[in-house]
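**Student:** The structure under discussion is supplied below as structure tokens; questions concerning it will follow.
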Amino acid sequence: MNELTQFVSAYLDEHNISQRQLSLAIGVSNATINRVLQTGAASADTLEKLAAYCRHDLTDLYRMAGRLPEEESAELRIGRQVAADLDGLPEEDQEELLIYLRAMADAKRKLNRQRED
């Protein structure tokens, strides 16, 4: 069982939905979801639809499906996670949260410098 299979299986369990309900929700056949669950194989189109529906990072799903290497920097991973978390919010709210995040990061850096001194 690959990571994509585990992710989809866990998503179905956590959201108490069937394979059929997921297939209808994302616009793929039930056989497609069954193939993902049995083999971990998914087309780019299916991965994109899963990412959008599950509100999960597409790059992460590509990695789970074995289509991208596992290694990445923490900065890229965290950046993608922040972008995914902000997705769907109005632009004004996104800007407000980024300002807050920057202020928190600046405060954390200042605190770390004080601890080092």
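Values in this text are rule-based calculations from the coordinates and carry no lab data. Predicted model, so just to flag it, every value in this text is computed and none were measured. Positions of Cβ are backbone-derived with ideal geometry, glycine not excepted, and every protein chain shown enters the neighbour counts.
**Student:** So, in Å, what gap is there between the alpha-carbon centers of segment 87-104 and segment 26-41?
**Tutor:** 35
**Student:** Let me ask you something else. Shape of segment 74-116 from its Cα gyration tensor (a ≥ b ≥ c, root eigenvalues): rounded if a/c is under 1.5, otherwise prolate when a/b > b/c, or oblate? All intermediate terms of the calculation are to be shown ahead of the outcome.
**Tutor:** Numbers: a/c = 5.45, a/b = 1.77, b/c = 3.08.
Oblate, since a/c reaches 1.5 and b/c is not below a/b.
**Student:** Loop only by DSSP, 12 or fewer other Cβ within 10 Å of the Cβ. Give me the GluC sites (Glu not before Pro) in segment 1-99 that pass, ordered by residue number.
**Tutor:** Numbers: sites: Glu3, Glu14, Glu48, Glu70, Glu71, Glu72, Glu75, Glu91, Glu92, Glu95, Glu96; in loops: Glu70, Glu71, Glu72.
Loop-located and lightly packed - Glu70, Glu71.
**Student:** Quick one: grab Rg to one decimal and Dmax as a whole number for segment 3-64, Cα atoms only, in Å.
**Tutor:** Gyration radius and largest Cα-Cα distance of segment 3-64: 10.1, 25 Å.
**Student:** Treat the count of other C-beta atoms within 10 Å as a stand-in for reagent exposure and order Met104, Met64 from fewest to most.
**Tutor:** Values: Met104 10, Met64 22.
Fewest-to-most ranking of Met104, Met64: Met104, Met64.
**Student:** May I have the convex hull volume per residue, in Å³, for the Cα set of the chain?
**Tutor:** Details: hull volume 15.8 nm³, N = 117.
Cα convex hull per residue, to the nearest whole number: 135 Å³.
**Student:** State the Cα centre-to-centre distance between segment 1-20 and segment 47-69 in whole Å.
**Tutor:** Centre-to-centre (Cα) distance: 13 Å.
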